[in-house]
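Trainee: Handing you a structure now.
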Amino acid sequence: MRNIVVEELVHTPIEEQKIEIVERKGIGHPDSLADGIAEAMSRALCKEYMKKVGAVLHHNTDETQIVAGKAKPSFGGGELIQPIYILLVGRATKYFDGIDIPADRIALKAAKEYVREAMRYLNPETDVIFDVRLGEGSTDLKDVFERQKGKVPLANDTSFGIGYAPLSETENLVYNVERRIYEEFRKKEKAMGEDVKVMALREGDVIKLTVAAAMVVRHLSNIQEYLAVKEELSSFIKDIANEYTERKVEIFVNTADDVDRGVVYLTVTGTSAESGDDGSVGRGNRCNGLITPGRPMSMEATSGKNPINHVGKIYNILANLIAKDCYEAVEGIKEVHVRILSQIGKPIDQPKVCSIQVIPERGYSVESMESRIKTVADEWLAEITKVTEMVINGEISTF
């Protein structure tokens, strides 16, 4: 029997609180770039390990660091004076059972490919210095043999993961505003960079969105064109906001601009990493893509950790999956929080505890829904290796 504990949570639901703060750092933000590169390296290593030895070997690439470069943007052009420095650091198995694995080369290729795909104007060959410093990791033959026989991996650490459901209106709004700027607005407006940060403050029924959006100077001839794109972006956000909330939404874009002095948010490459902003894995979005100080959160970095037995990754993803499924499958849940704690050396499908806290809708009791909630959690834990497959296949975002 798994130790799954369900209890009522006496707490004001987030939607009923007077103040809510939500943040998302977009794809081109230095912290998100670090997350994306780290996860890309991990997935590439996983696929190579599977190809070479039939199993994912020990690795962690979650210490990737970005050191800002130096740029000189000017309308119609500008240039990168000093390239961005990216340190690819962590551990990887480079030799196993008589087989050499070129982990450094694989990681470097994955990092460059990620930057090339995620960023339009950041050239990984000329604008970035990549420094590969993956230490030597090791994988136990017995561990691989046991996994090949279908046995569940053992936790590599005593750690915990946290998830919750459902997303609030404000959370949904923040997440989708950044996603749609990247997927839609950026594709029709060449001057839109990838470094977009969305911060929301909800006060009662008024949501105030502060958006920092990097603009790319090569597509702007003067400050009037910059202001036109800025206004167009505000209109775009206003139009899509209605799809996620009926609350009043106030939009503020690039509030640090000083038009009279000619100081506006311009970049050469579309990211603030080109000048002044460093980045680190785990310093940005949690694995649900948001930073939510009004919600339970884990400080664990999810991106780049190995998806086999690193509970700092697996349990954070799993906690969110369990919370989402509980909310959708069990009637009467207003809000649900999931906390999963591992114990080092124990099977990851047998956590020390899976704690599920529920705020019920009026007229419902947690006792009446307890067995169904436990069933959802138990089924996910029994199939925990599916999380590994989903991560390797890129079906789950980690930031």
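The values are calculated or read from the model by the stated rules, or taken from the named source; none is laboratory data. Everything numeric in this text was worked out from a predicted model, so none of it was measured. Ideal geometry is used to build each Cβ from the backbone, glycine not excepted, and the neighbour counts take in all protein chains shown. We work out accessible area using only protein heavy atoms, side chains counted, and drop any ligands, DNA or RNA first. Shrake-Rupley method; radii C 1.70, N 1.55, O 1.52, S 1.80 Å.
Trainee: From the list THR302, THR271, THR255, exactly one residue is among the polar types (S, T, N, Q), open to solvent by 60 Å² or more (accessible area, probe 1.4 Å) and either touching a Cys at 6+ places or on another chain (Cβ under 8 Å) or closer than 30 Å to MET215 by Cβ (or both). Which is it?
Mentor: Only one candidate qualifies: THR255.
Trainee: Which of the strands (runs of 3 or more DSSP E) found entirely inside the range 43-100 contain at least 3 residues meeting this: out of contact with any helix residue (DSSP H, G or I) (no Cβ under 6 Å at 6 or more places or on another chain)?
Mentor: Of the strands (runs of 3 or more DSSP E) lying wholly inside the range 43-100, those with at least 3 residues that are out of contact with any helix residue (DSSP H, G or I) (no Cβ under 6 Å at 6 or more places or on another chain) span 79-82, 84-93.
Trainee: Of the conditions (1) under 21 Å from MET297 (Cα atoms); (2) open to solvent by 10 Å² or more (accessible area, probe 1.4 Å), ILE356 fails just one. Which one is it?
Mentor: Against the list (1) under 21 Å from MET297 (Cα atoms); (2) open to solvent by 10 Å² or more (accessible area, probe 1.4 Å), ILE356 comes up short only on (2).
Trainee: Hey, can you tell me all the residues within the range 150-161 that are crowded, with 24+ Cβ neighbours inside 10 Å and either within 18 Å of the chain's Cα centre (by Cα) or under 17 Å from GLU335 (Cβ atoms) (or both)?
Mentor: So in the range 150-161, the residues crowded, with 24+ Cβ neighbours inside 10 Å come out as 155, 161.
Listed by number, the list holds a single entry, GLY161.
Trainee: Taking the criterion of being more than 26 Å from VAL391 (Cα to Cα), in contact with a helix residue (DSSP H, G or I) (Cβ under 8 Å, 6 or more places away or on another chain) and not in a loop (DSSP other than H, G, I, E, B), would at least one residue in the range 268-279 satisfy it?
Mentor: yes
Trainee: PHE185: in a strand (DSSP E or B) and in contact (Cβ under 8 Å) with a residue 24 or more places away in the chain, yes or no? Show your work before the answer.
Mentor: Values: in a strand (DSSP E or B): no; in contact (Cβ under 8 Å) with a residue 24 or more places away in the chain: yes.
Here the answer is no, as PHE185 does not meet what is asked.
Trainee: Just one of the numbered conditions (1) over 17 Å from ILE129 (Cβ atoms); (2) touching a Gly at 6+ places or on another chain (Cβ under 6 Å) is not true of GLN82; which one?
Mentor: Of (1) over 17 Å from ILE129 (Cβ atoms); (2) touching a Gly at 6+ places or on another chain (Cβ under 6 Å), only one is false for GLN82: (1).
Trainee: Hey, can you tell me all the residues within the range 102-144 that are among the charged types (D, E, K, R) and in a helix (DSSP H, G or I)?
Mentor: Within the range 102-144, ASP104, ARG105, LYS109, LYS112, GLU113, ARG116, GLU117, LYS142, ASP143 meet the criteria.
Trainee: Okay, moving on. Count, please, the residues in the range 366-399 that happen to be without any contact (Cβ under 8 Å) to a residue 40 or more places away in the chain and either assigned to a loop (DSSP other than H, G, I, E, B) or of a type in the set (Ser, Thr, Tyr) (or both).
Mentor: Looking only at that region, the number is 6.
Trainee: Looking at the range 170-207, which of its residues are acidic (Asp, Glu) and buried (at least 22 other Cβ atoms within 10 Å of the Cβ)?
Mentor: Listed by number, the residues that qualify are GLU171, GLU178, GLU194, ASP195.
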